[in-house]
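**Q** Right, I'll just put the structure down here and ask away after.
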Amino acid sequence: LARYRVAMIGSGAWACAAVRMMAQNTLAHDPADNFTDEIKMWVYEEEYEGRKLTEVINETHENPKYFPGFDLGSNVRAVPSIDEAVADADLIVFCAPHQFMHSICKQLIGKVKPGASAISLTKGMRVRPEGPQLISQMVRRNLGIDCAVLMGANIATDIGREQLSEAVIGYDNLDSAERFKKLFERPYFRVSLLPDPVGAEMCGTLKNIVALGAGVVDGLGLGPNSKATIIRQGLVEMRAFSKALYPSVRDDTFLDCCGVGDLVATCYGGRNRLVAEAWTRAQMSGTPRTFEELEAELLRGQKLQGVLTSNEVQEILRARCWESNYPLFTTINRIINGHLPPKFVVDYVVSELMRG
Ligand code: NAD
Ligand code: 13P
């Protein structure tokens, strides 16, 4: 019986937490699952303390730059060649920051095995002149393979610590979704199947904008009532925007772990929140810093998705004359670009809501 070979494209914090779960499952040798033990993980090669990061990972089974302190498993092999990573893979997991996904897809054209299937863990979208493109749509279009999504309240370090977390697999192809569920599910990581892949991916993308608003609220020193206002209004706008772009998106997706679950987790414990809080404090103290500086300083190589996503979504809102329908998204975008002071994160939302 043929066994499924697995490749991970990405090696950041979430990619490592995810590959660690997959590596535990492929080694379990459940006869019903049929995965080969080894997982190839494509690593964007860089120097780490004078050595190649791939060599360090393969020697120590740990990614000390992006996911320190966690054993990934001796069956994870870091490879610097993306072609080698996918060459014989039947199941391809994409988990690179969204800004790199277009060039990754272009590099992989004609390189993936016919009949392979993919899943994207990336949160974000691309804006082209002809309109928005979700990452799963990009994979499907460029590589000609099915692509599901895995989305949820999945802060990487908590999953590395094996704390209870939930995710959905948003799918079009049920067979492939069930296979990926077997690959990811662990006792501490509950996976359910959701036949609304677009809704799930839109949730994962848009919550990163709202998380910036939550960070601004924290940076202003405001309490949980104010943050709850941002989270609630954020969810309203996430749903409205998703349905305006993709009318088939389902309402109940926003109540799932990929919707309100991820939104709450990210607005309390995510990197977008952390950096936006620091940015706001710097603004308020009269010694402003840029998001780029704070991202480099606080995340040390990890990548923020929210600032890019806010600008990408705003481009769509502007082009369609929808800005006034999305007062929170628009306010956050103006704040992070320096066109409104941070305190407007609450003032502007409140005045818009009262007018509505
Ligand atoms: P990360 O932010 O921790 O790390 C950044 C990664 O980008 C590194 O692997 C680095 O090697 C890579 N990189 C840098 N320059 C590159 C280039 N030019 N081309 C390709 N790769 C390059 O990564 P992550 O946390 O795994 O995030 C990947 C996706 O997963 C993002 O969309 C993120 O929103 C999503 N996500 C993250 C978490 C989390 O807790 N970290 C949780 C859920 C979802
Ligand atoms: P951050 O990128 O803000 O840390 O969000 C992580 C995440 O998506 C958790 O589900």
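**Q** Given S192, S120, S176, which one is within 16 Å of ligand 2 (Cβ to nearest atom), within 22 Å of W42 (Cβ to Cβ) and in contact with a strand residue (DSSP E or B) (Cβ under 9 Å, 6 or more places away or on another chain)?
**A** On inspection, the qualifying residue turns out to be S120.
**Q** Give the residues of segment 209-229 that are more than 16 Å from ligand 2 (Cβ to nearest atom), without any contact (Cβ under 8 Å) to a residue 60 or more places away in the chain and either of a type in the set (K, R) or not in a helix (DSSP H, G or I) (or both), sorted by residue number.
**A** Those that are more than 16 Å from ligand 2 (Cβ to nearest atom), without any contact (Cβ under 8 Å) to a residue 60 or more places away in the chain and either of a type in the set (K, R) or not in a helix (DSSP H, G or I) (or both): G221, G223.
**Q** Now for a different question. Do we find a residue being among the polar types (S, T, N, Q) and either crowded, with 22+ Cβ neighbours inside 10 Å or on the phi > 0 side of the Ramachandran plot (or both) anywhere in segment 79-97?
**A** Checked against the condition, which is being among the polar types (S, T, N, Q) and either crowded, with 22+ Cβ neighbours inside 10 Å or on the phi > 0 side of the Ramachandran plot (or both), segment 79-97 yields no hits at all.
**Q** Further question on the same structure: What are the residues in segment 1-23 that are buried (at least 16 other Cβ atoms within 10 Å of the Cβ) and either more than 26 Å from G301 (Cβ to Cβ) or of a type outside the set (A, V, I, L, M) (or both), if any?
**A** Y4, R5, G10, S11, G12, W14, C16, R20
**Q** Let me ask another. Considering only residues that are free of Cβ contacts under 8 Å to residues at least 60 places away in the same chain and either within 16 Å of ligand 2 (Cβ to nearest atom) or among the basic types (K, R) (or both), which ones fall in segment 128-149?
**A** Within segment 128-149, R128, R140, R141, V149 meet the criteria.
**Q** Quick check on E292: is it in contact (Cβ under 8 Å) with a residue 12 or more places away in the chain, outside any loop (DSSP other than H, G, I, E, B), more than 25 Å from I159 (Cβ to Cβ) and out of contact with any helix residue (DSSP H, G or I) (no Cβ under 6 Å at 6 or more places or on another chain)?
**A** No; evaluated as a whole, the condition is false for this residue.
**Q** Would it be correct to say that T36 is surrounded by fewer than 23 Cβ atoms within 10 Å (Cβ to Cβ), hydroxyl-bearing (S, T, Y), away from ligand 1 (no atom under 15 Å from the Cβ) and free of Cβ contacts under 8 Å to residues at least 40 places away in the same chain?
**A** Here the answer is yes, as T36 does meet what is asked.
**Q** Among the residues of segment 209-254, how many are surrounded by 24 or more Cβ atoms within 10 Å (Cβ to Cβ) and basic (K, R)?
**A** 0
**Q** Moving to a separate point now. Sort out which residues of segment 305-349 are assigned to a helix (DSSP H, G or I) and in contact with an Asp or Glu (Cβ under 6 Å, 6 or more places away or on another chain), and write them in order of number.
**A** L317, P327, L328, F329, T330
**Q** Another one. Could you tell me which of the residues N325, N272 is in contact (Cβ under 8 Å) with a residue 40 or more places away in the chain, of a type outside the set (V, I, T) and near ligand 2 (Cβ under 10 Å from one of its atoms)?
**A** N272
**Q** As an exercise: evaluate L72 against (1) in a loop (DSSP other than H, G, I, E, B); (2) over 18 Å from R186 (Cβ atoms); (3) more than 16 Å from ligand 2 (Cβ to nearest atom) and give the number of the one condition it does not meet.
**A** (2)
**Q** Any residue in segment 56-77 that's under 19 Å from V6 (Cβ atoms): show its pairings with residues that are basic (K, R) at Cβ separation under 7 Å, as long as the two are six or more apart or on different chains.
**A** Partner pairs satisfying both residue conditions: N58/R77; F70/R20; L72/R20; G73/R20; R77/K40.
**Q** Go through segment 77-100 and report how many residues are assigned to a helix (DSSP H, G or I), more than 12 Å from ligand 1 (Cβ to nearest atom) and of a type in the set (A, V, I, L, M, F, W, C).
**A** Here the count works out to 3.
**Q** Another question about this same structure. Looking only at helices (runs of 4 or more DSSP H) that fall completely inside segment 101-208, which ones have 2 or more residues that are away from ligand 1 (no atom under 12 Å from the Cβ) and loosely packed, with under 15 Cβ neighbours inside 10 Å?
**A** 174-184
**Q** Any residue that is acidic (D, E) and at pLDDT 95 or above - is there at least one of those in segment 19-30?
**A** Within segment 19-30, none of the residues are acidic (D, E) and at pLDDT 95 or above.
**Q** For N58, are the conditions met, namely being surrounded by 15 or more Cβ atoms within 10 Å (Cβ to Cβ) and out of contact with any helix residue (DSSP H, G or I) (no Cβ under 8 Å at 6 or more places or on another chain)?
**A** In short, yes.
The values are calculated or read from the model by the stated rules, or taken from the named source; none is laboratory data. Given the structure is predicted, the values throughout are model-derived calculations rather than measurements. Heads up, the Cβs are rebuilt from the backbone with ideal geometry, glycines too, and the neighbour counts pull from every protein chain shown.
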